[in-house]
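Written out below as structure tokens is the structure these notes cover.
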Amino acid sequence: MKLKNWKEVVPGAVVTEAGSALKFKTGSWRSSKPRWKEENCIQCLFCWIYCPDMAVKVKDGKRAEFDYDYCKGCGICALECPGKKGQKAIVMEEEGK
Amino acid sequence: MGKIVAATGNEAVAEALRQVNPDVSSAYPITPATDIMQRFTSFVSNGKVKTEMILVESEHSAMSGCIGASAAGGRVMTATSSQGLALMWEELFIASGTRLPIVMALVNRALSAPLNIHGDHSDGMGARDCGWIQLWSENAQEAYDNTIQAFHIAEHMDIRLPAMVCLDGFIISHSIERIEYLEDDKIKNFVGEYKQLNPLLDLEHPVSYGPLILTDYYMEYRKAHDEVMSKVSKVVLDVAKDFEKISGRKYGLFETYRLDDAEIGLVILNSAAGTSKDVIDEFRSRGIKAGLLKPRLYRPFPYKEIGEALKGLKAVCVLDRADAFGGSYGPLFIDIASSLYPYKERPVLFNKIYGLGGRDYMPAHAEQVLSELVEAAKTGKVKQIKEYIGVRE
Ligand code: SF4
Ligand code: SF4
């Protein structure tokens, strides 16, 4: 994307385009990454509710994959995930490993 | 023809605000500015204005309320002093960086510690580089006139910046003077209908305010702000011309008093300029070519125009009613020195700090400074660049 120069920016940094946060891929900030272990998932969708970045996807009413473009790796989903029989369905792993 | 009354500076500012009739005001009381908002809230209670009045719990909240209301799309104003302005500091930059044309009366008062409630420019000077426009006023009439013009300047589509109108605490805010008010309809026409720009309440065109701007864009916004500051002088002069048409009163970027053929000159802000003018008359009657320059638009500072006006003098003294504690000179002195730096031929320059915490500035002080200027003009030498006057040694 070509960056705007100082004459082109909107005065006062007002964002006039709706939904433009989509263009800001905050996933690049992540230092640890959640991994979904589907075999332990009970489909409670707590992770979907708790994720502050809407980075847990739901398809046809069912838990789907993470959206790593926006997941900041905060670990909230992993903390809240009840999993099955004491086995978490989300685990955090260090990025780049 | 307007109405001639006897009124205090605060009363005059409150009257201007009544006539402008802004959409929203968010304020918190502080001496000596309290009186402005106290009068204004009476106007609100008595149905004299249609303003939505938000009474908040601190100045930080007062300015936050102004920012929200201005972003929502309203014409907004407030008033404060001293510690109140200091508590707003964070918000001042948000208002200017977001380019919100809020108008604020600043009744200049000393900053703590030690605690002091009297007239002093430390508050306004501390906020001089926060991206706001600053208009300074010698007396109640100028405070009234500047308040009205400030709306027009701040809201100008080329500018869209917040503006502060400064007047001296107690000396002007609480002293009664002769003042001429303009008719309500004239003021209404002068400020006109408020034009919104990207208002939050325009649900057809949703916008967001206050985004995070990182290394890739922050400098572009700062450069755009700097550029807009460079356009303010022209707008101030245009607005002054329009204001002269309805009031007969002339305003510029600064006022000069007997400066055209002057050899020595004082540079001084606000009320003390009045006292100085009398003493200048006395020196003139003795055949001494003395003059005065009183800045009005202090931010952005008209460096070029002021440099041109002062460069031909032999000696100039800048009087500051605030010290800058930078290990150097008073803030006004620093600006005047910068404005003269480009000229090879320039006056010798010195700085006096006076009137801190409301200490009286007397004709004798102006006499002392002018006599020193006569000497400096003769010898081309300055005995001490910066000195406190009216202080016990
Ligand atoms: S780690 Fe945080 S941001 Fe990523 S999916 Fe889980 S809750 Fe959302
Ligand atoms: S919180 Fe855990 S168990 Fe519940 S849906 Fe998400 S991954 Fe599955």
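FYI, it's all coordinate maths here, none of it is from the lab. In this text, all values refer to a predicted model and were calculated from it rather than measured experimentally. Using ideal geometry, Cβ is built from the backbone for each residue, glycine included, and neighbour counts are taken over all protein chains shown.
Over all projection directions, the Cα-based convex hull of the protein assembly as shown averages an area of 30.9 nm².
Does anything in segment A:34-56 have its amide N under 12 Å from the 7 Å Cα→Cβ label point of A:Glu80, and if so which residues? Only A:44-56 pass the distance filter.
Pull out a ≥ b ≥ c, the square roots of the eigenvalues of the alpha-carbon gyration tensor of segment B:65-203, then state rounded if a/c is under 1.5, prolate if not and a/b is larger than b/c, and oblate in the remaining case. Working shown, then result.
Working: a/c = 2.43, a/b = 1.24, b/c = 1.97.
The shape class here is oblate.
Note on B:196-206: average number of Cβ atoms from other chains within 10 Å of each residue's Cβ is 2.
Decide, for segment B:59-147, between rounded, prolate and oblate: order the square roots of the alpha carbon gyration tensor eigenvalues as a ≥ b ≥ c, take rounded if a/c falls under 1.5, and otherwise choose prolate if a/b is larger than b/c, else oblate.
Details: a/c = 1.98, a/b = 1.32, b/c = 1.49.
Because a/c hits 1.5 or more and a/b fails to exceed b/c, segment B:59-147 counts as oblate.
By the rule of a C-alpha distance below 26 Å, with chain neighbours fewer than 8 residues away ignored, the lysines paired with B:Lys289 are B:Lys250, B:Lys277, B:Lys304, B:Lys311, B:Lys314, B:Lys344, B:Lys352, B:Lys378, B:Lys381, B:Lys383, B:Lys386.
Per-residue extension of 0.36 nm, minus the Cα-Cα distance of B:Ser371 and B:Lys304, leaves a gain of 21.3 nm for this segment. Each of B:Asn189, B:Leu373, B:Val235 was scored by the projection of its Cα onto the charge dipole of the protein assembly as shown, and the greatest displacement toward the positive side belongs to B:Val235; charges sit on the C-beta of Lys, Arg, Asp and Glu. Considering segment B:3-42 at the alpha-carbon level, its Rg and Dmax are found to be 10.3, 30 Å.
Is segment B:199-287 best put as rounded, prolate or oblate by its Cα gyration tensor, with a ≥ b ≥ c the root eigenvalues, rounded for a/c under 1.5, and otherwise prolate when a/b is larger than b/c, oblate when not? Verdict is prolate for segment B:199-287. Work out the FRET efficiency for A:Glu39 and B:Ser112 from their Cβ-Cβ distance, taking R0 = 56 Å, and round it to the nearest 0.05. Efficiency for this residue pair is about 0.30. Rg and Dmax of segment B:254-388, both derived from C-alpha coordinates alone, stand at 13.4, 39 Å.
Taking a quarter of the surface of the Cα convex hull of chain A, what do you get in nm²?
Mean projected area for chain A: 8.5 nm², to one decimal.
Calculated mean residue ellipticity, 222 nm, the protein assembly as shown: -10500 deg cm²/dmol, from DSSP H runs (n ≥ 4) at -39500 (n - 2.57) each, averaged per residue and rounded to 500.
For B:Lys241, the aspartates and glutamates whose Cα falls under 20 Å of its own Cα, not counting residues fewer than eight places away in the same chain, are B:Glu138, B:Glu142, B:Asp145, B:Glu155, B:Asp158, B:Glu180, B:Glu183, B:Asp184, B:Asp185, B:Glu193, B:Glu255, B:Glu305. The modelled label-to-label distance for the pair B:Ile385/B:Arg178, using points 7 Å beyond Cα in the direction of Cβ, is 4.4 nm. Taking only the alpha carbons of segment B:3-247, we obtain Rg and Dmax values of 17.0, 55 Å in that order.
Ranked by the mean number of other Cβ atoms within 10 Å of their residues, highest first, the peptides B:80-86, B:342-348, A:46-52 fall in the order B:80-86, A:46-52, B:342-348. For B:Leu55, the amide hydrogen comes within under 5 Å of no other amide hydrogen, counting only partners 5 or more places away or on other chains and with H modelled in the peptide plane.
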